[in-house]
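Since the structure comes first, as structure tokens, the remarks are kept for the end.
The values are calculated or read from the model by the stated rules, or taken from the named source; none is laboratory data. Computed from a predicted model, the values in this text were never measured in an experiment. So basically every Cβ, Gly included, is an ideal-geometry build from the backbone, and we count neighbours across all protein chains shown. Please note that ligands, DNA and RNA were not included when accessible areas were found on the heavy atoms of the full protein model with its side chains. Shrake-Rupley method; radii C 1.70, N 1.55, O 1.52, S 1.80 Å.
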Amino acid sequence: EPEVTQTPSHQVTQMGQEVILRCVPISNHLYFYWYRQILGQKVEFLVSFYNNEISEKSEIFDDQFSVERPDGSNFTLKIRSTKLEDSAMYFCASSGDAYEQYFGPGTRLTVT
Amino acid sequence: GDSVTQMEGPVTLSEEAFLTINCTYTATGYPSLFWYVQYPGEGLQLLLKATKADDKGSNKGFEATYRKETTSFHLEKGSVQVSDSAVYFCALSLKAAGNKLTFGGGTRVLVKP
């Protein structure tokens, strides 16, 4: 069964450093999403991406964040200058119909 | 704004017990409703869904009925197993909001043998 994959599973970085989180969505899906879950809190929407552009973003998704689909398979989330409060589990999701979203296993980002 | 409220856990049950997790929502439109499950160390998996009033979603013995009049989507299972131990998330999406998922806080369920 096709699945969404994410790398790395755990990333440790120092405050102020740039990080890139990678996702490989399900191959025939057209809609891509990033969510995050700070420990003990709700899963929060960050951004959605369709047709090579951002279709919606939350207030969390400020200028420090960017997304890209650099080739036909990867979907990346970049945080330019990490802050302590960026520490969270980041989930990528993809959808073929913008209705059912399939999630990856997540990347745990720890900012020290 | 749109929101989902679900009962706080943890919920601790014995094997073969009946499980109910309450979920209510507030939405500006007519949402689609979902239950996701997160097993220990894994990502979120879609468990079941419903798109319109009175629809019943079902999967793996779990059921939930879309109740528009009470804005609820309670999850039920008649006889839980130890393998059902997980965190369960209720969520909604609205086409007008780009189909982004809005999640409840999650309910941890622990089933003891």
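Listed values, structure above:
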quantity	calculated
Distant-in-sequence amide H partners of B:MET7 (H built 1.01 Å from N, under 5 Å)	B:ASN22
For segment B:8-69, accessible area per residue (1.4 Å probe, heavy atoms of protein chains only), Å²	52
Mean accessible surface per residue for chain A, computed with a 1.4 Å probe while every protein chain stays in place, in Å²	51
J(HN,Hα) series, segment B:7-16, from Karplus relation 6.51 cos²θ - 1.76 cosθ + 1.60, nearest Hz, glycine and proline x	4, 7, x, x, 9, 10, 9, 8, 3, 6
Chain A: relative contact order as a whole-number percent, Cα under 8 Å and 6+ apart	39
Accessible-area composition of chain A, carbon plus sulfur, in percent [1.4 Å probe]	45
Dipole magnitude (debye, nearest 20) for the protein assembly as shown, charges at Cβ of Lys, Arg, Asp, Glu	120
Set A:LYS42/B:LYS60; B:LYS77/B:LYS112; A:LYS83/B:LYS100; A:LYS78/B:LYS95 screened for pairs whose C-alpha atoms are more than 19 Å apart	A:LYS42/B:LYS60; A:LYS83/B:LYS100; A:LYS78/B:LYS95
Shielding by other protein chains, A:91-100, mean Cβ within 10 Å	3
12 Å beta-carbon shell around B:LYS56, net charge (K/R +1, D/E -1)	-1
Relative contact order for chain B, counting Cα pairs under 8 Å that sit 6 or more residues apart, in percent	37
Alpha-carbon Rg/Rh ratio, for segment A:28-112, with Rh computed the Kirkwood way	0.95
Column: log10 I(q)/I(0), Debye, Cα scatterers of chain B, q = 0.10, 0.17, 0.19 Å⁻¹	-0.26, -0.75, -0.92
Residue-averaged beta-carbon neighbours from other chains (10 angstrom radius) around B:90-100	5
Segment A:37-86, dipole about Cα centre (Lys/Arg Cβ +1, Asp/Glu Cβ -1), debye to the nearest 20	120
Alpha-carbon centroid distance for the pair segment B:16-38 / segment A:1-54, whole angstrom	24
